[in-house]
1. With respect to Pro176, is the statement that it is surrounded by fewer than 19 Cβ atoms within 10 Å (Cβ to Cβ), more than 19 Å from the chain's Cα centre (by Cα) and not basic (Lys, Arg) true?
2. Determine whether Leu293 is within 16 Å of the ligand (Cβ to nearest atom) and in contact with a helix residue (DSSP H, G or I) (Cβ under 7 Å, 6 or more places away or on another chain).
3. Residue under question is Met269, and the condition is that it be at pLDDT below 95, in contact with a Gly (Cβ under 9 Å, 6 or more places away or on another chain) and within 15 Å of the ligand (Cβ to nearest atom); does it hold?
4. Yes or no: the stretch 432-446 includes at least one residue that is surrounded by 16 or more Cβ atoms within 10 Å (Cβ to Cβ), within 20 Å of His289 (Cβ to Cβ) and within 16 Å of the ligand (Cβ to nearest atom).
5. How many residues does the stretch 363-398 hold that are acidic (Asp, Glu), touching a residue at least 24 places away in the same chain (Cβ under 8 Å) and more than 30 Å from Phe425 (Cα to Cα)?
6. If you scan the stretch 15-55, which residues turn out to be assigned to a loop (DSSP other than H, G, I, E, B) and crowded, with 23+ Cβ neighbours inside 10 Å?
7. So in the stretch 77-130, with the set limited to residues that are of a type in the set (D, E, K, R), within 28 Å of Ser330 (Cα to Cα) and surrounded by 12 or more Cβ atoms within 10 Å (Cβ to Cβ), which one is farthest from the chain's Cα centre (by Cα)?
8. Residues in the stretch 257-264: is at least one more than 9 Å from the ligand (Cβ to nearest atom) and surrounded by fewer than 20 Cβ atoms within 10 Å (Cβ to Cβ)?
Amino acid sequence: MLNKKIAIVGAGITGLTAAHTLQKNRFSCVLFEKKNEPGGSIKSVKQQEWLTEYGPNTILVKDKVIHDYLLELGLHVSKQLANPAASKRFIVREGVLQALPVSLSSAIGTELFSWQAKLRVLKEPFIGRSQNPDQTIAEFAERRLGNEVLDYAINPFVAGIFANKPENLSLRHALPAMHRLENQYGSLIVGSILGMRQRKKEGRIARELISFKNGLQQLPDKIASRLQKVHYNTEILKIVREKDEWYLASKKQTFGPFSDVVMNSPLYMLGSSMFPLSESDYDRMMNVHYPPLSVVHFGFMKEQVQHPLDGFGFLVPDVENRNILGALFSSTLFKGRAPEGHHLLTVFIGGGRQPELASLASEEIFELILEELSELIGVIGEPVFADHVFWPKSIPAYHTGYDEVLETFLKIEAKNPGLYLAGNFRDGISVSDCIKNGIQLAVKIQSSKEY
Ligand SMILES: Cc1cc2nc3c(=O)[nH]c(=O)nc-3n(C[C@H](O)[C@H](O)[C@H](O)COP(=O)(O)OP(=O)(O)OC[C@H]3O[C@@H](n4cnc5c(N)ncnc54)[C@H](O)[C@@H]3O)c2cc1C
């Protein structure tokens, strides 16, 4: 066993991956989680034959690192690939579900965009780079692709990934790959084509959209089952540095000493008294907005739904003035989510677009959603299964000026040797990003010097 002893606060996917990597490399590591189970935002719930996801529904595997990590965990055995039909994604336009084009011919023929919008997109390669180093996603999309693509593609896409609005997010921080395309190639279209060719040349792994037989929860459960020291039901209230070593205090007990501490707690859970923080640093972190979101699962008998639900789901652009952000066709997406002869839908409501709707009572939310579903996909009657999860704070918004927040993290870490802040508030919000960041952090801690 090597000399360092590391404490990890929070069994979110970042903390779990970091702990697992450290332990694998023979470092002593103790994980503290305030709840009675691992996973943080990742939570799958089985009720009779309905298998629902309260947080993330899918993991996009596009890097070898993630592919290999799942293999190492032995999770390839229970891996579920998304139904190939899920490559079809719908966007609502004038109350009708239109398939998002996936090829040049479908792009030409689609009714999702007008001819003017299609011609406007063709101008994209000739539009110069932005002079603004920190533009919003909305500014970027409007300038490069035009209003209509912003409204009917980018706006719903941002709602689907970040539960937010393109006006609220920084392109560079929230969608760094898109930012790079503009910077490197001067064009999204040219950059995407060249990037695709490059990926083929490098023989990179094919992208997979996945879950597991018993839902995404299998991932944190599997990692946690391999950890030797986990304290559940243990909320860390304070961390203190004494003589170059760290001590952690819960309500009942003090733990330590530790050489390093990883805080995988969402920013809003970092109490001002948890570790020494200036008022301005604390305020900057607390100003990162996590919009409220409600997730509703509805089960219907197949004959209650007129739409074939032959795709991933649909997203609703803001300009359509509706009460939901979109819905996943969960039982089309993965097998085993609903009883035979039934459909499971997962509907999202609220977010940065309509935060006031997220916190309504379940009955009110159910009513709003049923009205939308009956208009959009021809749902008839009441659901045979209904379930509602409210996230008062869902996903951190990487706003413009996020550099200051990132600098604050670096400043705090420099002032407190051995302390690391890690989670979806930094370097990407997706489960894949968090796994990669957890692994990288473990490697950084392993190679850092002892104080
Ligand atoms: C509704 C929703 C849908 C999503 N959909 C997708 C999707 O489809 N695909 C995708 O890739 N991503 C999705 N995401 C994003 C992704 O799930 C999250 O960004 C990611 O899981 C966050 O992981 P994390 O490591 O930051 O930890 P978190 O999940 O934030 O977990 C932090 C953990 O720390 C614990 N903790 C906090 N403070 C303390 C303390 N003081 N002491 C002890 N423990 C503490 C908490 O209890 C929690 O378990 C979604 C997120 C949400 C909310």
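The values are calculated or read from the model by the stated rules, or taken from the named source; none is laboratory data. All values reported here derive from a predicted model rather than from experimental measurement. Cβ: placed from backbone, ideal geometry, glycine included. Neighbour counts: every protein chain shown.
1. In short, no.
2. So Leu293 passes the test.
3. The answer is yes for Met269.
4. yes
5. The total comes to 3.
6. Glu33, Pro38, Gly39, Gly40, Ile42
7. That would be Arg93.
8. yes
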